[in-house]
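Reviewing the structure listed below.
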Amino acid sequence: MAIAHVTPAPANPLRAGIDSGRIADPCNVVFFGASGDLFKRMLMPAIYNLRLDDILPTNFGLIGFARTPFSDDSFREYCKQSVDEFSRSGPAKESLWSDLVARIGYITADFDDTSHFKQLKALLESNDQEIGTAGNRIFYLATPPSVFPKIVAQIKRAGLDPRNNPAGWTRVIVEKPFGTDLDSARALQAEVEKVFDESHVYRIDHYLGKEPVQDIMALRFANGIFEPIWNRNYVESVQITAAETLGVEQRGGYYDNAGALRDMIQNHVMNLFALVAMEPPASSDADAIRNEKFKVFSAIEPPQPEGVFQMSARGQYGAGSVEGEPAAAYRSETDVAPDSNTETFAALRLQVNNWRWAGVPFYLRSGKRLARKVSEVAITFNQIPHRLFGEKSDTIEQNVLVIKIQPEEGISMRFNAKVPGPKNHIRSVTMDFNYGTGFGVQSAPAYERLIGDAMRGDATLFTRWDAVQRAWEIVMPVLDVWLSIRDRNFPNYPAGSQGPESAAAMNPKWRPL
Ligand code: BG6
């Protein structure tokens, strides 16, 4: 039975209205790939903090399923270490941990061996009896993507598919990347469809779980002043940036076969694009919102192969210095080919061919080892039509609305004001909203929000297949051209810089990092 959590009266008036507790159904969550980095750094700490915030159902079971040999006890210890090391709320509190630990089990598994999946079925059924998890199951695919099809097929073979579970619900959370190109995404989807309906599938894009990303819809559709000017009549251009200072760290093996376009633009950046450009949905229902996201993607014309170099820029970092520390070139990172042609920076200019946005360029960029870590959406409004104030030397800057996603979380508006004094000097100033000070609370990490939503069956923040497929269709011509024509100038930006010069040539007005 679902346990309702009653939100206590907020002590801090700034927190009034913040829904910190929500009902999740009793369930088991099975983490395939539980011995991996994602589980240790993100997923296990998220589970613990969901428990801390009373969002986890009382009737809850967690099963790790991976190759690395663990006993139940040693896996429980591994989970505790992960919480102690990575939880946002500090080391595990004894009272909470003693309750959680009893619900954790582990199966050392060979993904090729159906008997291990049958063992999983038996454990799930025993948890249903003993913990009261009511037949509800989440399968979380946190393995390398190459194993996804195998796991999905084994789920069916072992009789763990939703059609064999009439007593409860079955959901599958699929980590990114969903495919490595359009064809492989379609092939993966074909395997998924053999076992799951779309309503069972929760494709994670952790950017959608970030609080300021969710606030894009609130900004647009819970305010009267923005929507009337959110169109080609007032907006000159839109820039979406996801810039990192980190390099590829220990993930060279994966990244060298991916690159910035596939790793960041096709998913995270395109999802931001959809939220900024979509039409108002008819309701806040998951499918009403996802229909609009798909519609706006349909209005973006994939580039023609011959136009790719005009509307894109790619880069790869060479040696340099980031935040005062020397940084090695991409080609000397571990597991990266010494003559790698993989881009660590990608920028695109796309157009939305509809009445709202015709003629407005959307500039997207993402890269590693750039000057500053910043993810943001910046909307630049048209220049004023006639100049009334200011001296000749004053620059009248255009209004810019910036949605700051990270590391700062907030919204800022740049506008012009008169400098105090007898002269009519004009200078640009900003009006800032910051989440931390505005609500007196720090946002929860994205994975917490998303796992909690999957437990409640709310798919709003998960990407639907039609949108994933369309996002691949949009980036494919660029990917094909970039893969077939080597960039002889690589490396073409020093670590710690603004990115390659070709990006500046494509858009001279990038906001400085
Ligand atoms: C991941 C990418 O999806 O997102 C990584 O695979 C990237 O390469 C990461 O570093 C960035 O996430 P965040 O939340 O730090 O912006």
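The values are calculated or read from the model by the stated rules, or taken from the named source; none is laboratory data. Everything quoted here is computed from the prediction, not taken from an experiment. Heads up, the Cβs are rebuilt from the backbone with ideal geometry, glycines too, and the neighbour counts pull from every protein chain shown. Heads up: the accessible areas ignore ligands, DNA and RNA and are worked out on the full protein's heavy atoms, side chains in. Shrake-Rupley method; radii C 1.70, N 1.55, O 1.52, S 1.80 Å.
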Scanning region 194-225 for residues that are among the acidic types (Asp, Glu) and away from the ligand (no atom under 13 Å from the Cβ), the one modelled with the lowest pLDDT turns out to be Asp215
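Kindly evaluate Asn354 against the criterion of being away from the ligand (no atom under 16 Å from the Cβ), closer than 18 Å to Arg262 by Cβ, modelled with pLDDT of 95 or more and not in a strand (DSSP E or B).
no
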Within region 381-410, the residues that are within 16 Å of the ligand (Cβ to nearest atom) and polar (S, T, N, Q) are Gln406
Taking region 172-222 and keeping only residues that are hydrophobic (A, V, I, L, M, F, W, C), open to solvent by 50 Å² or more (accessible area, probe 1.4 Å) and farther than 14 Å from Leu275 by Cβ, one is left with Ala187
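Within region 226-257, track down each residue that is within 16 Å of the ligand (Cβ to nearest atom) and open to solvent by 10 Å² or more (accessible area, probe 1.4 Å). Can you show your working first?
Restricting attention to region 226-257, the residues satisfying the condition of being within 16 Å of the ligand (Cβ to nearest atom) are 240-257.
If the condition is that a residue be within 16 Å of the ligand (Cβ to nearest atom) and open to solvent by 10 Å² or more (accessible area, probe 1.4 Å), then Glu244, Thr245, Leu246, Glu249, Gln250, Arg251, Gly253, Tyr254, Asp256, Asn257 are the ones that fit.
Assess whether Glu448 counts as being open to solvent by 60 Å² or more (accessible area, probe 1.4 Å) and touching a helix residue (DSSP H, G or I) at 6+ places or on another chain (Cβ under 9 Å).
No, not satisfied.
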A careful count of residues in region 440-455 that are within 16 Å of the ligand (Cβ to nearest atom) and more than 27 Å from Gly168 (Cβ to Cβ) gives 3
Filtering region 434-451 down to residues that are among the hydrophobic types (A, V, I, L, M, F, W, C) and either outside any helix (DSSP H, G or I) or under 17 Å from Tyr48 (Cβ atoms) (or both) yields Val441, Ala444, Ala446, Leu450, Ile451
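Would you be able to say whether some residue in region 309-324 is surrounded by fewer than 17 Cβ atoms within 10 Å (Cβ to Cβ), β-branched (Val, Ile, Thr) and in contact (Cβ under 8 Å) with a residue 24 or more places away in the chain? Steps first, answer last, please.
Residues of region 309-324 surrounded by fewer than 17 Cβ atoms within 10 Å (Cβ to Cβ): 309-310, 319, 321, 323-324.
Restricting the remaining residues to those that are β-branched (Val, Ile, Thr) gives none.
No.
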In region 262-306, anything within 12 Å of the ligand (Cβ to nearest atom), in contact with a helix residue (DSSP H, G or I) (Cβ under 7 Å, 6 or more places away or on another chain) and among the aliphatic types (A, V, I, L, M) is listed as Ile265, Leu272
Only unsatisfied item for Ala134, checking (1) under 27 Å from Lys40 (Cβ atoms); (2) open to solvent by 30 Å² or more (accessible area, probe 1.4 Å); (3) among the aliphatic types (A, V, I, L, M), is (1)
Residues of region 276-292 being open to solvent by 10 Å² or more (accessible area, probe 1.4 Å) and assigned to a helix (DSSP H, G or I), in sequence order, are Ala286, Asp287, Ala288, Arg290, Asn291, Glu292
When Arg365 is run through (1) within 14 Å of the ligand (Cβ to nearest atom); (2) assigned to a loop (DSSP other than H, G, I, E, B); (3) farther than 25 Å from Arg290 by Cβ, the failure sits at (2)
Of the candidates Ser115, Ser74, Ser89, the one satisfying the condition of being modelled with pLDDT of 95 or more, more than 25 Å from Gly457 (Cα to Cα) and open to solvent by less than 60 Å² (accessible area, probe 1.4 Å) is Ser74
Exception for Tyr254 within (1) modelled with pLDDT of 95 or more; (2) under 23 Å from Val481 (Cβ atoms) falls at (1)
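Run down Ala34, Ala46 and say which single residue is at pLDDT 95 or above and either more than 29 Å from Val147 (Cα to Cα) or in contact with a strand residue (DSSP E or B) (Cβ under 7 Å, 6 or more places away or on another chain) (or both).
Details: Ala46 fails: either more than 29 Å from Val147 (Cα to Cα) or in contact with a strand residue (DSSP E or B) (Cβ under 7 Å, 6 or more places away or on another chain) (or both).
Exactly one residue qualifies, and that residue is Ala34.
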